[in-house]
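Heads up: the structure comes next, in structure tokens.
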Amino acid sequence: MYYNNLENFKSLSGYEIDGTWYPRVTKIVEIKAKPALYRFYGDLGSFNEGEEIKKQSATEGTMLHEAVEKILVGEKPEVDQIIKPAVDAFIEFLAKTNIQVDPEFVEKQVVNFDDRYAGTLDALALIDGKFGVLDIKTSQAIYRDYNLQTSAYMAALENQFKNLQSRWILRIDQGRKCLNCGATMREKGGRQKIKTPYTAKAKACQHIWSEPKGEIELKEFPYWQEDYKAFLGAKRLWEWENEYFLKMAGYL
């Protein structure tokens, strides 16, 4: 990524905390290659088209993310129609699942002073009697990359919270399903992405789509230590990549 100057690098890549600058967890994990993202750009007509879709998708994801966090702490947010199916599905899921969240631990900033990084986790939660990190995603799948991010939060918190036991990814999305062949369509960022089953019926189908329906997935990843080793490897590579600005910032 191109940075205009040191201040631009520092503002985009980290946090100033009590007079000390720390790189941001999510910026560090960006160093890892993302083949799915390359395929996304490859399927489009231009790079600018991809950037516009990403921008709109990010806006929709932020809206959903914020609504879910408010619901978790007992608030009743106004919900835009574009994300309502996902929010409705989450409210229904929450009524059946034992998730407890303290507002004090939502959007909580954490710092690892030993390994020198910082981040903002979505929530600390008590789920079925276990206490740990809850990370909210609005993606179409749970990707392994998320384990790097959440392991960094676990490592930053383990000394502060001795009862820290686990971590979870809560994925919230929405889509439509063909009433004839079972194909699915995901609409996000103004783009329609259709997945069709490998059957003759599906390939020939003139799809009739259902109304949008929310999708909720909660998955636990209790063993984080090996992921954290990988995160530190990614961090070292990120430091190598950004050595110029990190030296200017006094970090290296």
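The values are calculated or read from the model by the stated rules, or taken from the named source; none is laboratory data. The model shown is predicted, which means the values in this text are computed figures rather than measured ones. Note that each Cβ is placed from the backbone with ideal geometry, even for glycine, and that neighbours are counted across all protein chains shown.
Values as computed for the structure displayed
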item	result
The range 69-118: number of residues that are of a type in the set (Ser, Thr, Tyr) and crowded, with 17+ Cβ neighbours inside 10 Å	1
Lone qualifier among 213, 177, 203 - being surrounded by fewer than 20 Cβ atoms within 10 Å (Cβ to Cβ) and modelled with pLDDT under 90	203
Residues (touching a strand residue (DSSP E or B) at 6+ places or on another chain (Cβ under 6 Å) and either hydroxyl-bearing (Ser, Thr, Tyr) or part of a strand (DSSP E or B) (or both)) located in the range 179-215	184, 185, 186, 192, 193, 194, 195, 209, 210, 214, 215
Single residue of the range 1-52 satisfying the filter (in contact (Cβ under 8 Å) with a residue 12 or more places away in the chain and small (Gly, Ala, Ser)) that is surrounded by the fewest Cβ atoms within 10 Å (Cβ to Cβ)	36
Tally, over the range 30-53, of residues that are aliphatic (A, V, I, L, M) and either under 22 Å from residue 13 (Cβ atoms) or over 19 Å from the mean Cα position of the chain (by Cα) (or both)	4
Answer from 150, 196 - the residue that is at pLDDT 95 or above and more than 22 Å from residue 91 (Cβ to Cβ)	150
Complete set of residues in the range 40-90 that are part of a loop (DSSP other than H, G, I, E, B) and touching a Pro at 6+ places or on another chain (Cβ under 7 Å)	73
Number of positions in the range 161-176 that are over 24 Å from the mean Cα position of the chain (by Cα) and in a strand (DSSP E or B)	0
Residues that are modelled with pLDDT of 95 or more and assigned to a loop (DSSP other than H, G, I, E, B), drawn from the range 216-248	221, 224, 242
